[in-house]
Amino acid sequence: MRGRLIFLVTRNIHKFNEARRVLAQYKIAAAMLRMGTVEVQSDYLEEVARFRALDAVKKSGLPIIVEDAGLFVRALKGFPGPYSSYVYRTIGSLGVLKLLEGVEERGAYFKSVVAYSCPKEGVKLFRGVVEGTIALEARGSSGFGFDPIFIPLEGDGRTFGEMTTDEKNRLSHRSRALRSFAEWYKAASEFSSPSSQR
Ligand code: IMP
């Protein structure tokens with residue numbers, strides 16, 4: 001039977017804080033599990049997340065979620081995508097802005113994959129996407145990663161870096177994947193709880 005506490009395997013406190021606030025809306029408590037997991041090299045976030053989830057359950061024996069995300073820039077044919085973490089660590093937001101210097105087509109999207117697993121169960125995946133554009137310059141210092149250069153289409157022209165966590169959570173790829181997870185999780189928990197079997 002599923003409980004109301006889930007462990008998010010991450011070392012990124014910003015990611016955890018975003019996730020915690022979304023899950024709280026569904027009355028699911030989240031704890032941060034700072035644990036290393038095997039990272040497979042893959043062109044697909046789904047594959048990366050699936051392997052990390054299986055590894056995390058094997059090591060911890062706990063019900064966990066892992067979340068993998070990436071920034072896909074259309075003019076760069078989806079780069080950096082699943083390689084976003086490496087690109088952020090090497091050339092950073094300013095490097096991406098440089099790659100797009102003089103480029104008019106600035107469309108991009110963030111994609112998030114949440115992988116849920118627990119002992120004796122397989123892995124279930126949930127996805128979320130937010131469409132937007134790459135700003136002409138970095139703006140704002142909230143959030144993390146590429147937040148200061150990403151302007152969500154459904155927003156008011158501000159970058160994620162200029163938004164509070166709750167504002168970002170209204171639109172973000174991560175919140176969308178987590179909401180989809182939370183809805184499934186709550187329905188599955190209610191189904192498997194003893195009271196629903198009477
Ligand atoms: P991760 O492997 O899921 O942590 O994400 C890979 C990289 O994508 C991170 O290092 C960030 O640079 C970038 N990224 C992922 N999600 C976000 C986000 O919500 N905002 C900004 N950058 C992000």
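The values are calculated or read from the model by the stated rules, or taken from the named source; none is laboratory data. Everything numeric in this text was worked out from a predicted model, so none of it was measured. Virtual Cβ from ideal backbone geometry, glycine too; neighbours counted across all protein chains shown. Surface areas here come from the heavy atoms of the whole protein model, side chains and all, with no ligands, DNA or RNA. Shrake-Rupley method; radii C 1.70, N 1.55, O 1.52, S 1.80 Å.
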Practice task
Please work out which residue is nearest to Tyr86 (Cα to Cα), limiting yourself to the range 16-69 and to residues that are among the aromatic types (Phe, Trp, Tyr) and open to solvent by less than 50 Å² (accessible area, probe 1.4 Å).
Solution key: Phe16
Practice task
Select from the range 134-152 the residues that are touching a Leu at 6+ places or on another chain (Cβ under 9 Å), on the phi < 0 side of the Ramachandran plot and not charged (D, E, K, R) and list them in ascending order.
Solution key: Ile134, Ala135, Leu136, Ala138, Phe146, Ile149, Phe150, Pro152
Handout entry: Number of the exception - Val113 against (1) more than 30 Å from Lys186 (Cβ to Cβ); (2) touching a residue at least 24 places away in the same chain (Cβ under 8 Å); (3) of a type outside the set (D, E, K, R)
Key = (1)
Fill in the blank from the handout: Expected output for the range 53-67 (first residue free of Cβ contacts under 8 Å to residues at least 24 places away in the same chain, partner open to solvent by 40 Å² or more (accessible area, probe 1.4 Å), Cβ below 7 Å, 6+ apart or cross-chain) is Asp55/Val38
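Within the range 14-28, identify whether any single residue is aromatic (Phe, Trp, Tyr) and in contact with a Pro (Cβ under 8 Å, 6 or more places away or on another chain), and answer yes or no.
We begin by selecting, within the range 14-28, every residue aromatic (Phe, Trp, Tyr); these are 16, 26.
In the following step, the residues that additionally are in contact with a Pro (Cβ under 8 Å, 6 or more places away or on another chain) were identified as none.
No; the residues of the range 14-28 include none that is aromatic (Phe, Trp, Tyr) and in contact with a Pro (Cβ under 8 Å, 6 or more places away or on another chain).
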Exercise for the section: Give me the pairs, please: first residue somewhere in the range 141-168 and without any contact (Cβ under 8 Å) to a residue 12 or more places away in the chain, second residue anywhere and outside any loop (DSSP other than H, G, I, E, B) and surrounded by fewer than 23 Cβ atoms within 10 Å (Cβ to Cβ), beta-carbon distance under 7 Å, and either six or more positions apart or on two chains. Expected result: Gly157/Ile151
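State which residue is surrounded by the fewest Cβ atoms within 10 Å (Cβ to Cβ) when the search covers only the range 155-189 and only residues that are of a type in the set (A, V, I, L, M) and within 19 Å of Ala29 (Cβ to Cβ).
Here is the first cut: in the range 155-189, the residues of a type in the set (A, V, I, L, M) are 163, 171, 177-178, 182, 187-188.
Subset that is within 19 Å of Ala29 (Cβ to Cβ): 177-178, 182, 187-188.
Working: Ala177: 27, Leu178: 30, Ala182: 22, Ala187: 10, Ala188: 14.
In this case the residue turns out to be Ala187.
Within the range 74-98, can you find the residues that are touching a residue at least 40 places away in the same chain (Cβ under 8 Å) and within 17 Å of the chain's Cα centre (by Cα)?
Residues of the range 74-98 that are touching a residue at least 40 places away in the same chain (Cβ under 8 Å), as a first pass: 82, 84, 88, 93-94, 96-97.
Within the range 74-98, Pro82, Ser84, Tyr88 meet the criteria.
For the range 162-177, check the following and say yes or no: at least one residue is over 16 Å from the mean Cα position of the chain (by Cα) and away from the ligand (no atom under 15 Å from the Cβ). Steps first, please.
Taking the range 162-177 and keeping what is over 16 Å from the mean Cα position of the chain (by Cα), we get 162-164.
From the residues that got through so far, the ones that are away from the ligand (no atom under 15 Å from the Cβ) too are none.
For the range 162-177, residues over 16 Å from the mean Cα position of the chain (by Cα) and away from the ligand (no atom under 15 Å from the Cβ): absent.
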